[in-house]
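Only one structure is covered here, and it is reproduced in the block below.
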Amino acid sequence: MPTETVYGLAADAANDRAVAEIYALKGRPSFNPLIAHMADIAMAKRYVHWNAQAQLLAEHYWPGALTLVLPLRADAAISPLATDGGQTLAVRVPDHPITKGLIAALGKPIVAPSANRSGRISPTRAEHVGEEFAEHGEKGPWIVDGGPCQMGLESTVLDITGNAPVLLRAGGVTVASLEKLLGTSVARYHAFIPEGAKDAALRSPGMLSRHYAPDAKLRLQATVLEKGEALLAFGPALPGASHVFNLSPSGDMLEAAANLFTGLRTLDASANAIAVMPIPNTGIGEAINDRLARAAVR
Ligand code: TXA
Ligand code: MG
């Protein structure tokens, strides 16, 4: 299903078999829990223990690209596979008419990770999802084509189970915006976890270091082009590349975010090495650079 951030591989959150199929199809480690997509605050409250911070954040950002990690209610009808048997649940209310319509029709939450094979580039168009699961043919997932995702980057994941909010994943909602609303600073959970590291201890397993990875080798902060490299440009492009994808010729950060995963996919199909021009680390740039850094890990 499309969402405003990226396409998600959707299942009824209460259906063990459907949730198991998500993990199988993605090749996702079982220790990496899923986000439950809710219709509204009222639905979320039936699944997690709500608090004042959650209320403030949800009223401001929902529907939208903010995922809140909260304590799971003991009576929540969520497949334990979706939380890996954990005590917390990640919840968000998506801002997309199709996603909202699906949740409303089902009458309960939909769990959905990004609709890519585990560790690969997230899909922001229906065609991308088709590419990811092409090998399954008729047995692959059904794809609801909602056109290109408006935001193009995943939601921000914020843990508010403790006294101080902790950023687990940079995303569509910026840290500066969160800090302004909350009136406190937001700590960033250490951003890189070595690939071999085991799971249960990790606060957000999805932060494995190698992720969003193209087959091509990525070289970041490129100010000159090396031989044979394709170019992922931002602003006025470096000269000399045979394949260029410009995230935003005018240097617009939101446009760059929306184009990021399409740019990586496009260049990956035509080159073995990609040079990436510098992108400022402010605002949504933090999330863009987070994805690029992980995509560059070999
Ligand atoms: O924008 C998005 O968030 C998209 C769309 C489809 O909603 N979904 C998405 O899901 O990006 P996924 O599974 O690719 O990433 C979810 C992230 C992972 O890093 C995962 O480890 C983390 O959220 N996460 C999920 N449940 C968690 C929990 N209970 N505690 C901590 N982290 C959690
Ligand atoms: Mg993902």
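The values are calculated or read from the model by the stated rules, or taken from the named source; none is laboratory data. In this text, all values refer to a predicted model and were calculated from it rather than measured experimentally. Positions of Cβ are generated from backbone atoms using ideal geometry, with glycine treated the same way; all protein chains shown enter the neighbour counts. Quick note on the areas: whole protein, heavy atoms, side chains included, nothing else; ligands and nucleic acids left out. Shrake-Rupley method; radii C 1.70, N 1.55, O 1.52, S 1.80 Å.
Against the condition basic (Lys, Arg) and open to solvent by less than 40 Å² (accessible area, probe 1.4 Å), how does residue 46 come out, does it pass? For residue 46, the condition - basic (Lys, Arg) and open to solvent by less than 40 Å² (accessible area, probe 1.4 Å) - is not met.
Looking across region 192-220, the residues that are at pLDDT below 65 and open to solvent by 40 Å² or more (accessible area, probe 1.4 Å) come down to 192, 194, 195, 196, 198, 200, 201, 203. Taking the criterion of being open to solvent by less than 10 Å² (accessible area, probe 1.4 Å) and within 16 Å of ligand 2 (Cβ to nearest atom), the residues of region 155-169 that qualify are 155, 156, 168. Selection within region 284-293: residues that are among the charged types (D, E, K, R) and open to solvent by 10 Å² or more (accessible area, probe 1.4 Å). The member of this set that is modelled with the lowest pLDDT is 290.
When 264, 238 are screened for being under 21 Å from residue 150 (Cα atoms) and either surrounded by 22 or more Cβ atoms within 10 Å (Cβ to Cβ) or touching a residue at least 24 places away in the same chain (Cβ under 8 Å) (or both), only 264 passes. Confirm whether residue 262 is closer than 14 Å to residue 171 by Cα and of a type in the set (S, T, N, Q). Considered against the rule, which asks whether it is closer than 14 Å to residue 171 by Cα and of a type in the set (S, T, N, Q), residue 262 comes out as no. Per the listing 125, 120, the residue uniquely charged (D, E, K, R) and under 23 Å from residue 167 (Cα atoms) is 120. When region 121-132 is filtered for residues that are open to solvent by less than 50 Å² (accessible area, probe 1.4 Å) and either away from ligand 2 (no atom under 16 Å from the Cβ) or in a loop (DSSP other than H, G, I, E, B) (or both), the ones remaining, listed by number, are 121, 122, 123, 124, 126, 130. Scanning region 155-169 for residues that are within 17 Å of residue 5 (Cα to Cα) and modelled with pLDDT of 95 or more turns up 155, 156, 157, 158. Which one is farthest from ligand 2 (Cβ to nearest atom), of the residues in region 92-114 that are closer than 23 Å to residue 140 by Cβ and touching a His at 6+ places or on another chain (Cβ under 8 Å)? Here the answer is 103.
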